[in-house]
Amino acid sequence: MHPPFDSMVYIVDDDIGVREGMAWLLRTRRLLSESYDSAEAFLDMLEKAASVANASPLPQQAGCILLDVRMPGMSGLVLFEHLQASGMAQAWPVIFLTGHADVPTAVDSVKRGAFDFCEKPFSDNALVDRVEQALRLSQDRLNARTQQGFLQSRLGELTDRERDVMRLVVEGLPNKLIADQLDISVRTVEVHRSRVFDKMEVKSAVELANLMRTLT
């Protein structure tokens, strides 16, 4: 499956040859890219994007970052720490580009949350394959975040009593036991249960339970 058509690959490398070569390689696979010659330039782009009116602090568009380990000024590793702290590395997976001497460092970064690393000189096809996998992961994570937002919004519409009923419905209790626990009539439980299903946009207790598991 091809990554989303509007996804973006961000190339952060101080070597212009690497940037231009990677951009050309990505174009051969119909992937969009933007290039930055330093970690500072990339962070500046993120700050400007975040300053746009009503902009979300996290991206809405799938992406991944090809990040050189060693660069003048801020290193790729320090930038990666910034991206992790902001949640950006979760939304846009990071693939480190590294020389042989930095492989142990790159391996450690993968253990700390980077998506992968590729040692220079790298296999073009293998690298782009990993880029496409990272872009699909990015889209999956963005979709999950959107789903969580919708779910939280629906939960916000429930009254306290509807939340009480929902909790017991999710636990699998029948209406009679729910009524006994909450000291209300079975009919009242039925009314609240119906409203919960409507607000949460589900048709059964099983569907409701599965939906609530996505919050954990």
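Overview of results
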{"quantity": "Rounded if a/c under 1.5, otherwise prolate or oblate - segment 150-210, Cα gyration tensor axes", "calculated": "prolate"}
{"quantity": "Two-site FRET efficiency, GLU20 against ALA101, from Cβ-Cβ distance with R₀ of 30 Å, rounded to 0.05", "calculated": "0.80"}
{"quantity": "Neighbour count of at most 14 Cβ within 10 Å plus DSSP loop: longest trypsin sites (Lys or Arg not before Pro)-free window in the chain", "calculated": "113-202"}
{"quantity": "Against the rule of thumb 2.2 N^0.38 Å, how large the Cα Rg of segment 37-103 comes out", "calculated": "1.15"}
{"quantity": "Eligible aspartates and glutamates near LYS203 by straight Cα distance, threshold 20 Å, same-chain separation 8 or greater", "calculated": "GLU157, GLU162, ASP164, GLU171, GLU190"}
{"quantity": "Of the DSSP H helices in the chain, those whose Cα atoms cover at least 27 Å axially and whose Kyte score averages -1.0 or more", "calculated": "124-156"}
{"quantity": "Most mobile listed residue (LEU158, LEU31, LEU79) in the chain, GNM with C-alpha springs under 10 Å", "calculated": "LEU158"}
{"quantity": "Gyration tensor (alpha-carbon) shape descriptor, segment 1-48, a/c threshold 1.5", "calculated": "oblate"}
{"quantity": "With all protein chains modelled, accessible area of THR98 [1.4 Å, Å²]", "calculated": "0"}
{"quantity": "Aspartates and glutamates whose Cα lies under 18 Å from that of LYS120, excluding same-chain neighbours fewer than 8 positions away", "calculated": "ASP13, ASP14, ASP15, GLU20, ASP37, ASP68, ASP102, ASP108, ASP129"}
{"quantity": "Mean separation of Cα contacts under 8 Å, 6 or more apart, over the residue count of the chain: relative contact order %", "calculated": "17"}
{"quantity": "Shape of segment 84-154, Cα gyration tensor, a/c cut at 1.5", "calculated": "oblate"}
{"quantity": "Among (1) 1.38; (2) 1.01; (3) 1.07, the entry that matches Cα Rg over 2.2 N^0.38 Å as calculated here", "calculated": "(1)"}
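The values are calculated or read from the model by the stated rules, or taken from the named source; none is laboratory data. Just so we're clear, the structure is a prediction, and the values are computed from it rather than from any experiment. Because the Cβ atoms are built from the backbone with ideal geometry, glycine has one as well, and the counts that use them run over all protein chains shown. Just so you know, the surface numbers come from the protein's heavy atoms only, side chains and all, with ligands and any DNA or RNA stripped out. Shrake-Rupley method; radii C 1.70, N 1.55, O 1.52, S 1.80 Å.
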